[in-house]
Amino acid sequence: MKSIKNTILLAGALFALTTACTDDYESLPVDQYTVEYVFSETDSAGVQAVRFLNAIYSTLPNGYNRVGSDFLDAASDDAVSLYMDADPDVLRLQTGRYTASNQVSSNMNWATWYASIRRCNIFINNIDRVPFNTTYINSKEYTDDDGNVVQGETRPMGSSYKAEARFLRAFFYFQLLERYGGVPLVGDLVFDINDNMELPRNTFEQCVDYIVSELDDIQDSLRSLPMRDATAFAHVPTKQACLAFKARVLLYAASPLFNGQTLQQGNPYVGYTDYDPSRWDKAADVAWEFIDKYGVLSTRTSMNRNKFQLMANFRNVFSSYFSTDTREIIFFRNNGNGTSIERANGPLGFSGNKLGNGRTNPTQNLVDAFVMKDGKPRGQSAYTYDPQHPYDNRDPRLEYTVLHQGSQWLNTQLDTYQGGTNNPAGSGRFNQTSYYMCKFMSDFSNSTEYSNHNELWPYFRFAEVLLNYAEAANESSQRDAYMDNIINVLIPIRHRAGIEPGADKRYGLDPTMTREQMREVIHNERRCELAFEEHRYYDIRRWREAETIFQQPLQGMQVVKGTQQTAYTPIDILTVNWSDKMYLYPIPYTEVNKNSNMVQNPNWND
């Protein structure tokens with residue numbers, strides 16, 4: 001195998017990343033980007049090397065309207081795109097109208113992820129050339145919750161940056177794994193155009209083991225909270241993020257799609273060839289390790305803790321990160337300050353600094369998932385559900401996630417029915433569900449216009465770790481022993497949501513539920529808590545529930561506003577003809593065609 005040439009090959013890694021690069025990069029001809037320049041043996045500050053690493057960070061996906069201008073969740077049962085008539089990418093994903101040769105490029109990013117992996121390998125192979133004259137403090141001195149003084153550790157900068165690159169590489173591999181199953185692992189190799197690229201797929205098990213072993217190996221080389229320069233480095237993966245990532249990988253690996261209900265029994269590329277219930281135990285153990293070491297099982301009442309904890313206000317999790325010094329978000333992409341989320345997804349019918357394009361339309365299916373405010377589903381709750389007052393006495397997260405007929409927004413009571421002020425025919429297309437997404441937005445209910453706020457895309461947050469533990473523990477062989485912990489990690493999520501505690505202080509959770517009943521509760525809790533955070537799309541696949549879910553049509557709400565009252569009737573808006581091959585994406589035809597060792601995923605031979 002040929003080694004990377006010193007001229008560039010780095011050009012390909014940098015040319016498309018000018019948004020994250022400086023004028024120094026942009027002013028140089030691309031054929032002058034060399035290993036010696038970027039990883040200079042005389043650059044004691046590592047200026048160019050750090051710029052190169054920052055360019056890799058810029059390839060992390062931004063979940064906001066990233067799939068052809070839509071949220072990925074609009075390809076699940078939780079939402080549809082306003083632009084359904086224009087056949088957007090999410091509709092093609094939702095309905096399976098793609099093939100190995102005609103893919104949805106905005107979510108089937110095989111080449112993109114491998115390009116990022118290649119950049120990571122260039123960095124990993126060359127960062128040791130840079131003679132950093134500085135070190136960093138792995139965590140500054142602080143007093144923990146028990147009153148103990150914890151000393152910071154001094155670490156070399158180069159080892160920290162290398163660990164970050166290895167974390168990012170593992171992250172990119174996981175993007176491939178959750179989409180395709182087992183994929184080729186290239187190790188630290190950087191391929192030349194003349195190299196033999198006919199690599200076979202590694203098995204699903206080998207890919208999981210590789211990602212987990214990488215995370216184990218780098219954990220102690222990453223920065224640790226609290227950081228001395230938290231504002232400058234808040235976006236970097238930490239020791240804590242590493243453990244949260246590991247918990248998610250193991251949860252996915254234990255899930256039915258890959259563990260027991262694979263698409264093709266005996267096919268090592270699409271999952272494990274045997275069912276092993278202990279995989280659930282491993283996932284639960286790692287999630288609990290995070291909770292035990294780094295978490296606090298209560299809603300945050302103070303901003304001085306050095307552990308992760310749920311913020312008191314659900315809405316502020318996504319828009320007030322820096323101003324509140326929250327520690328709920330574990331790893332994120334910082335998209336700066338702005339109003340792009342509101343501009344793309346806010347309700348129609350406004351103009352000027354209140355303009356919204358209404359892109360993301362939640363379904364009635366999602367709205368129905370929100371339980372009553374005592375934590376019980378409709379029909380089991382002490383509150384009677386009135387279909388003509390469908391939003392009364394519901395889980396308060398519904399109002400933080402979805403705007404509906406009568407919602408207060410921009411100092412206006414919304415009319416979202418077809419033809420209403422906030423769903424006008426003059427817009428060129430109707431919102432068929434009569435709902436708009438407001439997750440991630442600041443509270444503009446009484447504002448006169450949109451104003452800038454943090455636009456963070458969360459990859460890992462503490463609420464997910466709690467839910468990961470609850471799910472894995474419920475499926476594990478130690479379920480009965482874990483039941484108190486399962487209830488105890490769900491309680492703070494529901495408490496923060498605003499659900500009533502009830503006389504037993506269990507927030508609608510019954511410890512006598514069967515495994516199947518608790519599974520339904522946990523799955524639904526993930527759906528409501530993590531809505532639009534790119535979990536639902538993959539959850540219904542790894543659970544192997546999509547084939548059942550899509551037997552029912554996606555629905556919206558027909559709203560008819562009369563002079564005396566408003567009538568509500570759920571209506572069908574989209575039927576998805578599910579095919580089980582859609583649980584995994586097809587390997588791109590170009591990869592299979594040029595590589596005789598590449599095995600296609602089941603039933604994707606078109």
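The values are calculated or read from the model by the stated rules, or taken from the named source; none is laboratory data. These numbers were taken from a predicted model, which means no experiment stands behind them. We place every Cβ from the backbone using ideal geometry, glycine too, and count neighbours over all the protein chains shown. Surface accessibility is based on the protein's heavy atoms, side chains included, excluding ligands, DNA and RNA. Shrake-Rupley method; radii C 1.70, N 1.55, O 1.52, S 1.80 Å.
Would you point out which residue out of A312, A382 is touching a Lys or Arg at 6+ places or on another chain (Cβ under 8 Å), open to solvent by 50 Å² or more (accessible area, probe 1.4 Å) and modelled with pLDDT under 95?
Being touching a Lys or Arg at 6+ places or on another chain (Cβ under 8 Å), open to solvent by 50 Å² or more (accessible area, probe 1.4 Å) and modelled with pLDDT under 95 holds for just one of A312, A382, which is A312.
Counting only residues that are of a type outside the set (A, V, I, L, M, F, W, C) and within 15 Å of N202 (Cα to Cα), which one in the stretch 577-601 is surrounded by the fewest Cβ atoms within 10 Å (Cβ to Cβ)?
Among residues in the stretch 577-601 that are of a type outside the set (A, V, I, L, M, F, W, C) and within 15 Å of N202 (Cα to Cα), the one surrounded by the fewest Cβ atoms within 10 Å (Cβ to Cβ) is S596.
Of the residues A531, A503, only one is farther than 25 Å from G260 by Cβ, part of a loop (DSSP other than H, G, I, E, B), of a type in the set (A, V, I, L, M, F, W, C) and open to solvent by 30 Å² or more (accessible area, probe 1.4 Å); which?
None of the other options fit; the residue is A503.
When the stretch 544-560 is examined, which residues are found to be in contact with a strand residue (DSSP E or B) (Cβ under 8 Å, 6 or more places away or on another chain) and surrounded by 14 or more Cβ atoms within 10 Å (Cβ to Cβ)? Even if it seems obvious, please write down each step before you answer.
First, the residues of the stretch 544-560 that are in contact with a strand residue (DSSP E or B) (Cβ under 8 Å, 6 or more places away or on another chain): 553-560.
Passing the criteria: P553, L554, Q555, G556, M557, Q558, V559.
Just checking, which of L414, L398, L456, L403 is of a type in the set (A, V, I, L, M, F, W, C) and modelled with pLDDT under 95?
L456
Which of the residues spanning the stretch 102-129 are surrounded by 18 or more Cβ atoms within 10 Å (Cβ to Cβ), hydrophobic (A, V, I, L, M, F, W, C) and under 25 Å from the mean Cα position of the chain (by Cα)?
V104, M108, W110, W113, I117, C120
Considering only the stretch 442-454, I want to know if a residue exists there that is open to solvent by less than 40 Å² (accessible area, probe 1.4 Å), assigned to a strand (DSSP E or B) and either of a type in the set (D, E) or under 16 Å from N337 (Cα atoms) (or both).
Step one: of the stretch 442-454, the residues open to solvent by less than 40 Å² (accessible area, probe 1.4 Å) are 442, 444-445, 447, 450, 453-454.
In the following step, the residues that additionally are assigned to a strand (DSSP E or B) were identified as 453-454.
Subsequent filtering for residues that are either of a type in the set (D, E) or under 16 Å from N337 (Cα atoms) (or both) retains 453-454.
Yes, the conditions are met somewhere in the stretch 442-454.
Find all pairs meeting these conditions: Cβ atoms under 7 angstrom apart; at least six residues apart or on different chains; first residue within the stretch 327-345 and closer than 12 Å to H235 by Cα; second residue of a type in the set (D, E, K, R).
I329/R461; I330/R461; N335/E455; G336/E455
Could you tell me whether G375 is on the phi > 0 side of the Ramachandran plot, in contact with a Leu (Cβ under 7 Å, 6 or more places away or on another chain) and surrounded by 15 or more Cβ atoms within 10 Å (Cβ to Cβ)?
Yes, satisfied.
So, in the stretch 207-226, of the ones that are at pLDDT below 95 and of a type in the set (S, T, Y), which residue ends up least open to solvent (accessible area, probe 1.4 Å)?
The residue in question is S224.
What about R536, is it open to solvent by 20 Å² or more (accessible area, probe 1.4 Å) and touching a Lys or Arg at 6+ places or on another chain (Cβ under 9 Å)?
yes
Say we look at the stretch 49-84 and pick out the residues that are under 15 Å from M582 (Cβ atoms) and outside any loop (DSSP other than H, G, I, E, B); which of these is nearest to the chain's Cα centre (by Cα)?
Step by step, filter the stretch 49-84, then rank; the result is L72.
Out of all the residues in the stretch 85-101, which are surrounded by fewer than 19 Cβ atoms within 10 Å (Cβ to Cβ) and part of a helix (DSSP H, G or I)?
Matches in the stretch 85-101: D85, A86, T95.
Name the single residue that is modelled with the lowest pLDDT among those in the stretch 21-80 being surrounded by 21 or more Cβ atoms within 10 Å (Cβ to Cβ) and among the aromatic types (F, W, Y).
Residue satisfying both the conditions and the ranking: Y33.
Please count how many residues of the stretch 396-423 are β-branched (V, I, T) and either closer than 17 Å to S351 by Cα or surrounded by fewer than 20 Cβ atoms within 10 Å (Cβ to Cβ) (or both).
3
If the requirement is being under 23 Å from A254 (Cα atoms), buried (at least 16 other Cβ atoms within 10 Å of the Cβ) and touching a His at 6+ places or on another chain (Cβ under 8 Å), which of these qualifies: R541, R526?
Details: R541 fails: touching a His at 6+ places or on another chain (Cβ under 8 Å).
R526 is the lone residue from the list that is under 23 Å from A254 (Cα atoms), buried (at least 16 other Cβ atoms within 10 Å of the Cβ) and touching a His at 6+ places or on another chain (Cβ under 8 Å).
Could you list, in sequence order, all residues of the stretch 246-290 that are open to solvent by 50 Å² or more (accessible area, probe 1.4 Å), in a helix (DSSP H, G or I) and acidic (D, E)?
Answer for the stretch 246-290, where residues must be open to solvent by 50 Å² or more (accessible area, probe 1.4 Å), in a helix (DSSP H, G or I) and acidic (D, E): D285, E289.
Can you pull out every residue in the stretch 550-606 that is in a helix (DSSP H, G or I) and not hydroxyl-bearing (S, T, Y)?
Those that are in a helix (DSSP H, G or I) and not hydroxyl-bearing (S, T, Y): D580, K581, M582, E591, V592, N593, K594.
Could you tell me how many of the residues in the stretch 476-500 are part of a helix (DSSP H, G or I) and open to solvent by less than 30 Å² (accessible area, probe 1.4 Å)? Full working, then the answer.
Of the residues in the stretch 476-500, the ones part of a helix (DSSP H, G or I) are 479-497.
Now narrow it down to the ones that are open to solvent by less than 30 Å² (accessible area, probe 1.4 Å): 479, 483, 486-487, 489-490, 492-494, 496-497.
Number of matching residues: 11.
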